[in-house]
1. For the stretch 10-27, which residues satisfy the criterion of being open to solvent by 40 Å² or more (accessible area, probe 1.4 Å) and aliphatic (A, V, I, L, M)?
2. Could you run through the stretch 29-78 and say how many residues are open to solvent by 50 Å² or more (accessible area, probe 1.4 Å), farther than 21 Å from E119 by Cβ and among the small types (G, A, S)?
3. Determine whether the stretch 101-121 contains at least one residue that is in contact with a Phe, Trp or Tyr (Cβ under 8 Å, 6 or more places away or on another chain), at pLDDT 95 or above, farther than 19 Å from I24 by Cβ and surrounded by fewer than 16 Cβ atoms within 10 Å (Cβ to Cβ).
4. Among (1) at pLDDT below 95; (2) open to solvent by 60 Å² or more (accessible area, probe 1.4 Å); (3) in contact with a Ser or Thr (Cβ under 9 Å, 6 or more places away or on another chain), where does N7 come up short?
5. Is the stretch 123-135 home to any residue that is surrounded by 12 or more Cβ atoms within 10 Å (Cβ to Cβ), assigned to a strand (DSSP E or B) and within 12 Å of the chain's Cα centre (by Cα)?
6. Which residue pairs have Cβ atoms closer than 8 Å, lie 6 or more positions apart in sequence or on different chains, and pair a first residue in the stretch 56-78 that is under 16 Å from L13 (Cβ atoms) and touching a residue at least 40 places away in the same chain (Cβ under 8 Å) with a second residue that is crowded, with 18+ Cβ neighbours inside 10 Å and aromatic (F, W, Y)?
7. Just the residues that are among the charged types (D, E, K, R) and closer than 13 Å to L110 by Cβ, please, taken from the stretch 52-78.
8. Hey, any hits in the stretch 79-94 for a residue that's within 19 Å of I12 (Cα to Cα), touching a residue at least 40 places away in the same chain (Cβ under 8 Å) and either acidic (D, E) or open to solvent by less than 30 Å² (accessible area, probe 1.4 Å) (or both)?
Amino acid sequence: FNKVLKNRINDILLHFPNLVDKEIELSIVVANNRIVGNLNKKYRKIDKTTNVLSFSSHNDLLKNIPNTPIIHLGDIILSYEQVFKESQEQEKKFYDHITHLIFHSFLHLLGYSHCKEKERLKMEKLEIEFLNKIKIKNPYI
């Protein structure tokens with residue numbers, strides 16, 4: 001990753017005060033559509049590519065932060081091709097779009113979900129607040 005993404009990932013980590021004093025381990029993989037599509041099919045039973053996949057190392061990190069020196073949050077797999085395509089189609093800056101997707105995935109790694117309407121609205125609110133804080137427009141309008 002380049003310096004912009006490293007800074008934005010740092011901003012994401014700093015957004016969660018209960019994690020600031022922890023050493024965090026997080027894998028972020030940038031892959032192509034074929035690889036992400038294969039993972040999507042294998043783990044979600046959806047036979048197409050997607051922009052990002054999240055694989056958490058913990059069931060509910062929000063409620064139970066491990067008392068270990070290092071917390072491995074999990075893995076985020078991004079499809080560079082899909083993210084780039086979406087940023088063009090949606091007329092978003094590439095780094096803004098990828099930052100949003102990484103933050104969205106980070107929320108999943110912490111235990112957030114958007115399966116139910118109430119959960120979806122909570123996640124979107126957190127995303128919008130964070131993105132606004134770092135001067136990125138609301139991605140949902």
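The values are calculated or read from the model by the stated rules, or taken from the named source; none is laboratory data. The structure displayed is predicted, hence computed values, not measured ones. Positions of Cβ are backbone-derived with ideal geometry, glycine not excepted, and every protein chain shown enters the neighbour counts. What goes into the accessible areas is simple: the full protein's heavy atoms, side chains included, and nothing from ligands, DNA or RNA. Shrake-Rupley method; radii C 1.70, N 1.55, O 1.52, S 1.80 Å.
1. Within the stretch 10-27, L13, L14, V20, I24, L26 qualify.
2. Total satisfying the criteria: 0.
3. no
4. (3)
5. Our first condition is that a residue be surrounded by 12 or more Cβ atoms within 10 Å (Cβ to Cβ); within the stretch 123-135, this holds for 123-124, 126-128, 130-131, 134.
Still in the running and assigned to a strand (DSSP E or B): none.
Checking the stretch 123-135: not a single residue is surrounded by 12 or more Cβ atoms within 10 Å (Cβ to Cβ), assigned to a strand (DSSP E or B) and within 12 Å of the chain's Cα centre (by Cα).
6. L62/Y112; L73/F106; I76/F106
7. Step one: list which residues in the stretch 52-78 are among the charged types (D, E, K, R), which gives 60, 63, 75.
Correct list: D60, K63.
8. Within the stretch 79-94, none of the residues are within 19 Å of I12 (Cα to Cα), touching a residue at least 40 places away in the same chain (Cβ under 8 Å) and either acidic (D, E) or open to solvent by less than 30 Å² (accessible area, probe 1.4 Å) (or both).
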